[in-house]
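*Asks:* Structure in structure tokens, see below.
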Amino acid sequence: MLNYLRKILNNQVGFTAVELLIGVALIGIIGGAIGVTVAQTYSGSSLSSKQMTAINNVKNAGDWLTRDAEQARPKESIPGSVELLSTAIPPNDKMTLIWYDYKNDNYSIKEWYRVIYTIPSGTTNLQRTFEIGTYSSGSFTPDPNQPSQSIIVARNITGVTRQFKDCVWSSDPNPICQQVINALTITITSTVGSVTERRTFEIEFRPTK
């Protein structure tokens with residue numbers, strides 16, 4: 001194509017009307033091809049960017065939830081802790097984890113912690129609220145001298161669901177617990193534009209002392 005244009009320039013002083021139209025047409029074809037390539041590249045880059053954002057959102061949410069759930073003990077050791085967990089779907093539901101650590105070497109003094117995960121109404125932000133307090137008769141009471149701390153751990157979160165597994169049950173008419181698991185399965189969904197990313201995390205609670 002370029003060679004053809006060079007021949008025209010070398011052999012003639014001017015262009016005929018037909019040659020001029022051919023040249024304009026060729027330039028239009030080249031410009032159109034370049035425009036399509038640029039548009040496709042931009043579209044692919046935009047999709048990739050949204051997908052990476054969604055993946056990072058799910059990973060951040062999963063990392064935080066995993067870390068906190070690994071601290072919690074199963075419901076047998078803390079009545080009410082896992083029962084307080086609920087399916088977290090926007091806008092108002094929440095997930096709560098409660099656990100304790102011992103403050104002294106002889107395991108006689110406990111310090112209790114509570115983490116509440118929420119997706120506030122009108123947002124897709126996964127918010128984590130951390131509290132220190134006391135736990136008695138199935139109820140957690142925050143320490144008024146230690147204010148709660150709230151942060152946003154992930155954005156564009158459109159779904160968080162959970163399922164607690166305490167046993168591997170037999171398939172008999174009267175099922176029995178064949179193996180104690182005490183695990184929490186959490187599925188997190190992030191939507192960025194038209195891209196949706198979903199990942200499931202399986203978390204085992206730490207043993208009781």
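*Asks:* If I model a spin label at ASN104 and THR196 as a point 7 Å from the Cα along the Cα→Cβ vector, what separation in nanometres do I get?
*Replies:* For the pair ASN104/THR196, the computed spacing is 5.4 nm.
*Asks:* While we're here: Sorted by average packing, counted as other Cβ atoms within 10 angstrom per residue and highest first, what order do 134-140, 144-150, 195-201 take?
*Replies:* 195-201, 134-140, 144-150
*Asks:* Shifting gears a bit: Arrange the peptides 155-161, 61-67 so that the one whose residues have, on average, the most other Cβ atoms within 10 Å appears first.
*Replies:* 155-161, 61-67
*Asks:* Could you give each residue of segment 147-153 its phi-based ³J(HN,Hα) in whole Hz, using Karplus coefficients 6.51, -1.76, 1.60 with θ = phi - 60°, and x for Gly or Pro?
*Replies:* x, 5, 10, 10, 9, 8, 9
*Asks:* How large is ³J(HN,Hα) for each residue in segment 138-145, as worked out from phi by the Karplus curve 6.51 cos²θ - 1.76 cosθ + 1.60 (θ = phi - 60°), to whole Hz, x for Gly and Pro?
*Replies:* Ordered by residue, 3J(HN,Hα) equals x, 10, 9, 10, x, 6, x, 7 Hz.
*Asks:* Taking amide hydrogens as modeled 1.01 Å from N in the peptide plane, which residues meet the under 5 Å criterion relative to THR124, leaving out close sequence neighbours?
*Replies:* Under 5 Å from the amide H of THR124: ASN156.
Read the figures in this text as sums done on the coordinates, not as results from a lab. Bear in mind the structure is a predicted one, so any value in this text is a computation, not a measurement. All Cβ positions, even for glycine, are placed from backbone atoms using ideal geometry, and neighbour counts span all protein chains on display.
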